[in-house]
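K.L.:
One structure, pasted below without further comment.
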Amino acid sequence: MTLPTPQLIAELQAHPGDADRLMRVACAELRDRPPALVPPDATALRAGLARIAETGLDGVLQRLLHDAPQGSPTDAIAALLRPPQLAWDEPQEIDWAVRHWEACRAAGQLDEELAADFGEYWHRLEWSALQQHLTLLANLGEGHADERRLLARIAKTASRYVAFGPLKRAMEARFPELFDLGFSLR
């Protein structure tokens with residue numbers, strides 16, 4: 001199963017007031033049937049980065065590939081929390097992520113490093129989401145409905161981590177409006 005499914009996205013869009021219940025059910029499904037780890041797609045990541053800047057982002061690419069060369073246990077929850085079609089406030093994302101982390105930890109589904117520290121889990125979740133957003137960006141045409149939301153999410157994540165400084169600077173040069181105070185993912 002790949003989450004979020006089109007059916008789940010449609011339900012979340014049709015019934016936003018029921019998002020908490022729907023997300024809890026989806027998280028439980030992830031725990032019951034964890035997906036296999038999938039290595040990041042270097043070609044797609046390179047293409048996504050090229051949509052932002054033609055040069056200067058090789059170090060970012062290497063860091064993304066080196067961080068989780070076999071994939072990460074946070075990949076599925078990142079896809080669930082940050083699909084291109086939807087956006088939630090960050091406190092809500094963190095709430096769902098903490099609940100999922102606690103349940104995975106109790107079930108023994110996390111390695112020692114991730115189980116010990118939610119901060120490390122959140123860090124990996126954000127990096128998983130960044131990989132997914134760059135891959136999606138590579139496959140979208142210019143002006144696609146989800147493009148601006150993906151770019152805003154990429155900018156937000158790039159702004160948080162020193163390792164992504166070159167990506168942040170490239171985005172500031174190409175998309176300065178994403179760095180104005182008060183931008184929203186909605």
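K.L.:
When the accessible area of the chain is split by element with a 1.4 Å probe, what percent falls to carbon and sulfur?
P.N.:
C and S fraction of accessible area: 53 percent.
K.L.:
Using the Karplus equation 6.51 cos²θ - 1.76 cosθ + 1.60 (θ = phi - 60°), what ³J(HN,Hα) coupling, rounded to whole Hz, does each residue of the stretch 112-128 give in order, writing x for Gly and Pro?
P.N.:
So the J values, rounded to whole Hz, are 4, 5, 6, 5, 7, 8, 4, x, 5, 4, 5, 4, 5, 4, 5, 5, 4.
K.L.:
Determine the relative contact order of the chain: mean sequence separation of Cα pairs under 8 Å and six or more apart, normalised by residue count, in whole percent.
P.N.:
In percent, rounded to a whole number, it is 28.
K.L.:
Let me ask something else about it. Can you compute the modelled spin-label distance between Glu112 and Arg33, with each label point 7 Å from Cα toward Cβ, in nm?
P.N.:
Roughly 3.3 nm, to one decimal.
K.L.:
In whole Å, how far is the Cα centre of the stretch 26-41 from that of the stretch 105-183?
P.N.:
Cα centroid to Cα centroid, the span is 19 Å.
K.L.:
From the helices alone, meaning DSSP H stretches of at least four residues, give me the mean residue ellipticity at 222 nm for the chain, per-run term -39500 (n - 2.57), in deg cm²/dmol to the nearest 500.
P.N.:
Computed mean residue ellipticity for the chain: -19500 deg cm²/dmol.
K.L.:
Looking at the chain as a GNM with Cα springs under 10 Å, which of Trp101, Trp122, Trp88 has the largest mean-square fluctuation?
P.N.:
Trp88
K.L.:
While we're on this one: Only Cα pairs within less than 10 Å get springs; with that Gaussian network setup on the chain, which residue of Ala152, Ala28, Ala107 has the largest fluctuation?
P.N.:
Answer for the Gaussian network model of the chain: Ala107.
K.L.:
Please label the shape of the stretch 70-157 as rounded, prolate or oblate, based on the square roots a ≥ b ≥ c of the eigenvalues of the alpha-carbon gyration tensor (a/c under 1.5 means rounded; beyond that, a/b larger than b/c means prolate, else oblate).
P.N.:
Here the stretch 70-157 falls in the prolate category.
K.L.:
Placing one identical point scatterer on every Cα of the chain and ignoring solvent, what is log10 I(q)/I(0) from the Debye formula at q = 0.12, 0.14, 0.18 Å⁻¹?
P.N.:
Values returned for q = 0.12, 0.14, 0.18 Å⁻¹ are -0.57, -0.78, -1.30.
K.L.:
If you build the Cα gyration tensor of the stretch 1-78 and take the root of 5 times each eigenvalue, what three semi-axes come out, in whole angstrom, biggest first?
P.N.:
31, 17, 9
K.L.:
Once the Cβ-Cβ distance between Val25 and Ala173 is put in as r, and R0 is 41 Å, what FRET efficiency do you end up with, to the nearest 0.05?
P.N.:
E(calc), rounded to 0.05, equals 0.45.
K.L.:
Compute the FRET efficiency between His66 and His15 as 1/(1 + (r/R0)^6), taking r as their Cβ-Cβ distance and R0 = 45 Å, and round to the nearest 0.05.
P.N.:
Between His66 and His15 the formula returns 0.65.
K.L.:
Here's a follow-up. If you place +1 on the Cβ of every Lys and Arg, -1 on the Cβ of every Asp and Glu, and leave all else neutral, what size is the dipole of the stretch 28-172 about its Cα centre, to the nearest 20 Debye?
P.N.:
That gives a dipole near 340 debye.
K.L.:
Picking from Asp95, Asp75, Asp146, which is most flexible by a Gaussian network model of the chain using Cα springs under 10 Å?
P.N.:
Answer for the Gaussian network model of the chain: Asp95.
The values are calculated or read from the model by the stated rules, or taken from the named source; none is laboratory data. As the structure is a prediction and not an experimental result, all values here were calculated from the model. Here the Cβ is made from the backbone with ideal geometry for all residues, glycine too, and neighbour counts use every protein chain on show. Remember, those area values only see protein heavy atoms, side chains included, never the ligands or the DNA or RNA. Shrake-Rupley method; radii C 1.70, N 1.55, O 1.52, S 1.80 Å.
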